[in-house]
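Notes follow once the structure below has been shown.
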Amino acid sequence: MSAGAWHREWAAALAIARRELRATLIAPIGAVVPAVFLLLSAVLYFVLAPALLGTGFRQGQPATLRLFFETSTWLLFIVAPAISMRAVSEEIRMGTLETLLTAPIHERSIIIGKFLGAFAFLVLLLAPTLLLVAAVALHGRPDFGEIGAGYLGLLLAGGAAVAVGILASTLTNSQALAFLSSIFFWVVLLLVTIGVPSAAAALSDHLAAEVASGVPAWFERLLAAAARAAASLNPVAQVRGFVVGLVDTHAVAFFLVLTAVALAMAVRSLELRRWL
């Protein structure tokens, strides 16, 4: 592809991103989602955690935001689909997707623009949480490197969740169905990546107890490999390294690859819509 073609594609993608961000900001979801996310984050960190767990923002506790990052990771798997569920499904419902698809721009530009717009909104959503950093810094000496790694983990996980949400929104004209499909994907992924290692460990213990069964060693190694592979795909576990200040290249690659695959599938979905 020539430099001129790349420039036109990026210009189109940025124009769509600005349009998407503006549409999200003026939509009701642009106020409801940030309000719910910030309220839940503040209540968990400042109220529930100190009262129930003795952690969080409390006298005598370490000056850290680890609890905030851990809880926010779970919240993002709900918030990000809510941000991206309207990206394409609303265009399908309103009948404006046909206009986009007949314009002289590639489906890739449309999806990248939609992703950038939704991701920019996610960044704006996280920006007010910097007040938590200020509160912790005011009452202690936090490790800003650890906090920076935590935010990097949230952005990577949030970007992957946004990309999956955009893919879901290309498959239906219902925002609710796109939202639920995204949530279903993350629930299934978490169940598999948590359940398979647990089941493999239980089966391995059972086989170890049955000495007379003569289970071959290669089968036990296969179980261990399957457990490790499943555990390595757990998105929550991937973020935990960032929470404690470790920027793991495997975790970075995991979220980047997941984002790229979801966006590539979304582009393919739009291409199929163009020809159907």
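Taken together, the values in this text are just the output of simple stated rules run on the coordinates, not laboratory data. Just so it is clear, the structure is predicted and the values come from calculations on it, not from any experiment. Neighbour counts are summed over all protein chains in view; Cβ atoms, including those assigned to glycine, are modelled from backbone coordinates with ideal geometry.
Scalar couplings 3J(HN,Hα) for segment 26-31, obtained by applying the Karplus form with A = 6.51, B = -1.76, C = 1.60 to θ = phi - 60°, are 8, 7, x, 5, x, 9 Hz; x denotes Gly and Pro. Computed from backbone phi, the HN-Hα couplings of segment 135-150 come to 5, 5, 5, 6, 10, x, 10, x, 8, 5, x, 5, 5, x, 5, x Hz, rounded to whole numbers (Karplus: 6.51 cos²θ - 1.76 cosθ + 1.60, θ = phi - 60°; Gly and Pro given as x). Residue exposure proxy: I166, I105, ordered by other Cβ atoms within 10 angstrom of their Cβ from fewest to most, comes out as I105, I166.
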